[in-house]
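The values are calculated or read from the model by the stated rules, or taken from the named source; none is laboratory data. A quick note: this is a predicted structure, and the numbers were derived from the prediction, not measured. Note: ideal-geometry Cβ built from the backbone for every residue, glycine included; neighbour counts use all protein chains shown.
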Amino acid sequence: MNNNSGSGRPTQGVTGSVSGGRYQPRPTFSSSAGSSSSSISHRSVANGGKKEILCAVGVDVDAVAGWLGSYGGEDSPCDISRGLFAGEVGVPRMVRLFDKWQIPTTWFIPGHSIETFPAETQMVVDAGHEIGMHGYSHENPIAMTPVQEEAVMDKCIDLIEKVSGRRPTGYVAPWWEFSPITNELLLAKGIKYDHSLMNDDFHPFYARVGDSWTKIDYSKHPDEWMKPLVRGHETDLIDIPGSWYLDDLPPMMFIKGAPNSHGFVNPRDIEQLWIDQFDWVYNEYDYAVFTLTIHPDVSGRPQVQMMLQRVFDHISAHTGVRFCTFDEIADDFAARNPR
């Protein structure tokens, strides 16, 4: 999970402007710059002052799966009905929103959601969005055995390939939890990128395996546990960092059993939080990635739909910014930082 970004090769993409409340892509070419092994090269003026801010929207279709695996609603018909809302109402609303703005997105769909909402999943596929993995029932990777975790991955890869016609290249860990072998399994399955770890916030990195640390044991002398983290070795798995502070669910979805659950936060407060982060990134970096994590459970609600349109409007008003899929970000990073 080492941050080893470089400055980059020429890339072709689209920047955006807003016309009539709609994102309008237009062709652009970024400038080239020599690659560098410096871990801070992406923070400097590496592109001759030209901006390359890659924005991606990741849609986690937790729906019923979220209540089964993470939210504590598996015995509640009411909570399960909220999952049905996400799949049957929230997903179509979000597909229409992205179509209106002509924004390519990546949908991380649990296997349970694919099989429970086949028509809605097909809507996503037909709209041309990327489909990535997100567990089957939003189960916790830490709680599973290696055999269970691999079986879930195999099932979900098969489901996504059947519905989309393409083997998935990306993964988001349910509840952003990795087991000790998640990285190794992803590599073994040929997965290109992950969107779960948080070593950086606005720059991808090559994930490491084998990191180790010593937990505190108050029953022993401190000399036995006063030890630093030991870094493992870097792999080919690209990590596009996640961020709880760019996630719609924790502040805007009510979960009965979660002590920090909200659900009644004014979306305009979250909007400002996201816009402030984007503005800081735009002012500080010439190259960066800005990724949002949203859910039809939350962003399918009217107040958040309105918020997203204001956020898209703000982002799209900046030059040198383009919306893309997570797969595109991974390919761009690999080109900038060949191994």
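General observations
- Number of the exception - GLU161 against (1) in contact (Cβ under 8 Å) with a residue 12 or more places away in the chain; (2) within 21 Å of ILE109 (Cα to Cα); (3) of a type in the set (D, E, K, R): (1)
- The residue of region 192-218 that is nearest to PHE178 (Cα to Cα), among those that are part of a loop (DSSP other than H, G, I, E, B) and of a type in the set (Ser, Thr, Tyr), is SER196.
- Some residue of region 1-10 being within 18 Å of HIS203 (Cα to Cα), at pLDDT below 50, among the hydrophobic types (A, V, I, L, M, F, W, C) and within 22 Å of the chain's Cα centre (by Cα): yes
- Check on HIS233, without any contact (Cβ under 8 Å) to a residue 40 or more places away in the chain, touching a Lys or Arg at 6+ places or on another chain (Cβ under 8 Å) and surrounded by fewer than 20 Cβ atoms within 10 Å (Cβ to Cβ): yes
- So HIS129, is it in contact (Cβ under 8 Å) with a residue 12 or more places away in the chain, touching a helix residue (DSSP H, G or I) at 6+ places or on another chain (Cβ under 8 Å), under 16 Å from ASP297 (Cα atoms) and not hydroxyl-bearing (Ser, Thr, Tyr): no
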